[in-house]
Amino acid sequence: MKIVIIGGVAAGAKAAAKSKRLLPDSQIDIYTQDTHVSYSACGLPYYVQGNFEDYNNLIIRTPEKFQKDGIDIHLQHRVEKIYPNENKIKVRDLLKDIEFFVDYDKLVISTGAVPRLPEIKNINLKNIFTLRRLEDGISLREKLRKSKKAVIIGGGYIGLELMEAFVSNKIHTTMIENSNKIMSVLDDELSELVQDFVEKMYPEYTRIINNDKITEFIGEDSVQAVKTEKGEIIKTDFVLISAGVKPVVDIAEDAGVKLGKTGAIKVNSRMETNIKNIYACGDCIENIYAMTGTPAWIPLGSNANKEGRCAAVNLCGGVEDFEGVLGSAVTKYFGLTISMTGFTEKFAKKNGYDTVSIMITKRDKAGYMPDAENVTLKLVADKRTHQVLGGQAIGCGDADKRINTLSTALLKYVTAEELSGADITYAPPFSTSIDPLISAARLLSEKLKNGRE
């Protein structure tokens, strides 16, 4: 069998490796515009920060290793067109600037996502960065080492991780967020706590501007300042744009591959598109929420790896279904952990749920333990069925541990009452005798039982 994969990094590389294990005699080719094929994009903020010196630590598998395993890697090759009726693709070698055609028996589209670039005057000035590829991280780290001031556009996961990277290197950093709080993916009470923590941690290097946006980059050749919609001019040595990403779907859509409601490629539970012999996986595809079966687009490396494996199993003749996603995520800002899974309350309400929620703050382990810290936990449930819809946790304690437990429970559609009876491990160095997640579930059960808003 001849398997062709468009794109590498997480999903494409995983699909290739798994396919080769399942069908050792198959011919597998990966075509990617990138200069590397398999690396940890999620580790880039920590390389920029200086947690490790060699960017090669981020490379998971080299082209030479793939080649040794019988997988051919074609770097800096752009797939320009798919011909589904003829089972072939048109490829351009970007270094030699030549075109050629490649046949396939099975095709995997793993084109990923690219940063969203806001419409800002002079956006093509030098020293304006995004962070998506390995080269982006290398360039950003090099610039950071020579700078004193930075501006970050966007206060989401990547923006927050890079705020820590810049501040820890004593860069005076201004974050500009057009929402009223950073980390607006969370419910307002949680995002307010995050912003408060960020503003109090190293305030001499940190400034957050809410409800504003940049309208112009100022400079001759390189950016020297930014101008906001409210008229403020902020001097800077460089800018990091972290305004979200969008799925790369152009060649798929051109070939007749259907897109979903989110604008990403629509696949079934086996990563099959609407066109025979064409599969898709990774940041370019639309998933479903595991709890509800409704469309979701949540581009995360963890999802991409699972989707790549699923595509490989099915295209190789096996049967494997991908259950969907919960939006489970975690990040940190210095000592503060920020984690979530499932629906926030605002998202649930927006999608028609009548919700009940509670929020508590408790120690993550026995209070007499020297490293005990607070965790603030919010749970959201459906008022009619009592099904738990999601949770968010932040704190300097083990917030993510509670969210990981909850994410498993959500897959089984647990009610608040069922969650309150979970048998969670206990010892003073690890938890309180009644874990914060159990305490939260019990309070939520009582609130649902009494019908309180």
Only one residue in I394, I424, I434 is free of Cβ contacts under 8 Å to residues at least 12 places away in the same chain and of a type in the set (A, V, I, L, M). Which one? I434
Restricted to the stretch 318-337 and to residues being over 23 Å from V414 (Cβ atoms), of a type in the set (A, V, I, L, M, F, W, C) and touching a helix residue (DSSP H, G or I) at 6+ places or on another chain (Cβ under 7 Å), the residue surrounded by the most Cβ atoms within 10 Å (Cβ to Cβ) is L336
Go through I152, I123, I128 for me and flag whichever is hydrophobic (A, V, I, L, M, F, W, C) and surrounded by fewer than 17 Cβ atoms within 10 Å (Cβ to Cβ). I123
For the stretch 182-243, please list each of the strands (runs of 3 or more DSSP E) lying entirely inside it that holds at least 2 residues being β-branched (V, I, T) and surrounded by fewer than 21 Cβ atoms within 10 Å (Cβ to Cβ). 206-210, 214-218, 233-235
Which residues, taken from the stretch 155-192, are touching a residue at least 40 places away in the same chain (Cβ under 8 Å) and of a type in the set (S, T, Y)? Y157, S168, T174
Per the filter on the stretch 406-421, residues within 24 Å of the chain's Cα centre (by Cα) and part of a helix (DSSP H, G or I) are L406, S407, T408, A409, L410
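Counting only residues that are over 27 Å from G367 (Cβ atoms) and free of Cβ contacts under 8 Å to residues at least 40 places away in the same chain, which one in the stretch 409-421 is surrounded by the fewest Cβ atoms within 10 Å (Cβ to Cβ)? It would help to see each step written out before you state the result.
Within the stretch 409-421, the subset over 27 Å from G367 (Cβ atoms) is 410-415, 417-418.
Next cut, free of Cβ contacts under 8 Å to residues at least 40 places away in the same chain only: 412, 414-415, 417-418.
Working: K412: 10, V414: 20, T415: 18, E417: 17, E418: 16.
Result: K412.
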List, please: which pairs have Cβ atoms under 7 Å, are six or more places apart or on different chains, and start with a residue in the stretch 353-382 that is free of Cβ contacts under 8 Å to residues at least 24 places away in the same chain and end with one that is buried (at least 18 other Cβ atoms within 10 Å of the Cβ) and not basic (K, R)? N374/G395; N374/G397
Only one of L162, L144 that is assigned by TED's automatic domain parsing to the domain that holds T236 and closer than 21 Å to L186 by Cα: L162
When you check I158 against the structure, is it under 19 Å from the mean Cα position of the chain (by Cα) and part of a strand (DSSP E or B), yes or no? no
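The values are calculated or read from the model by the stated rules, or taken from the named source; none is laboratory data. Just so we're clear, the structure is a prediction, and the values are computed from it rather than from any experiment. Methodologically, a virtual Cβ is constructed for each residue, glycine included, from the backbone with ideal geometry; neighbour enumeration extends over all protein chains shown.
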